[in-house]
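The values are calculated or read from the model by the stated rules, or taken from the named source; none is laboratory data. Remember, it's a predicted structure, so these values are computed and weren't measured experimentally. Here the Cβ is made from the backbone with ideal geometry for all residues, glycine too, and neighbour counts use every protein chain on show.
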Amino acid sequence: MRHANGYRKLNRTHEHRKAMFANMVCSIIEHEQIKTTVSKAKELKRIIDKIITLGKKGDLHARRIAGSRIRQDDAVRKLFDVLGPRYKDRKGGYSRVLKAGYRYGDMAPMAIIELVDRDVAAKGASDKARVSEEEASAPAQ
């Protein structure tokens, strides 16, 4: 019998899996689209949908739970200020998994996981802002 086998272990320890998914949730909140393997994306979909539901609630208790799960203040802020109001009328299904071929190195099946109704300009926006800030602060030669 296969009772209580409710999630993919992904050949990782519990601590590694928890930290990996916390980082992936922060990345998908920041960029609103990431590329990963199919099995990780399917498991991440369960987690990100629950986190966005916390963002929809918007109270202090939900903010503290989200902060303890994803552990990055910028991601928690965006979750409650941007994503929560964006999905307040949607009853679920905040993310989608799209198959994206195979990885070159080991032929692992890849997928793109993205938020439904995502902001296209959000992908890479923080990286572009960081690079332009570094160029502006660098001494001119």
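A compact table of results
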| read-out | value |
| --- | --- |
| Search result, residues across segment 66-79 that are surrounded by fewer than 20 Cβ atoms within 10 Å (Cβ to Cβ), part of a helix (DSSP H, G or I) and touching a residue at least 12 places away in the same chain (Cβ under 8 Å) | 69, 74, 78 |
| Number of the exception - residue 58 against (1) over 15 Å from residue 31 (Cα atoms); (2) at pLDDT 95 or above; (3) not polar (S, T, N, Q) | (2) |
| Failed condition for residue 71, given (1) of a type outside the set (Gly, Ala, Ser); (2) over 18 Å from residue 24 (Cβ atoms); (3) out of contact with any Gly (no Cβ under 8 Å at 6 or more places or on another chain) | (2) |
| Residue check for residue 96: at pLDDT below 95, not hydrophobic (A, V, I, L, M, F, W, C) and not in a helix (DSSP H, G or I) | no |
| Scope segment 105-134; condition β-branched (Val, Ile, Thr) and assigned to a helix (DSSP H, G or I); matching residues | 120, 131 |
| Residue within segment 127-137 that is of a type in the set (A, V, I, L, M, F, W, C) and touching a helix residue (DSSP H, G or I) at 6+ places or on another chain (Cβ under 7 Å) present | no |
| Conditions (1) under 14 Å from the mean Cα position of the chain (by Cα); (2) exposed (fewer than 13 other Cβ atoms within 10 Å of the Cβ); (3) among the hydrophobic types (A, V, I, L, M, F, W, C): number failed by residue 121 | (1) |
| Looking only at segment 98-118, and only at residues there that are under 15 Å from the mean Cα position of the chain (by Cα) and surrounded by 17 or more Cβ atoms within 10 Å (Cβ to Cβ), the one that is farthest from residue 28 (Cα to Cα) | 111 |
| Within segment 1-48, considering residues that are in a loop (DSSP other than H, G, I, E, B) and hydroxyl-bearing (Ser, Thr, Tyr), the one surrounded by the most Cβ atoms within 10 Å (Cβ to Cβ) | 7 |
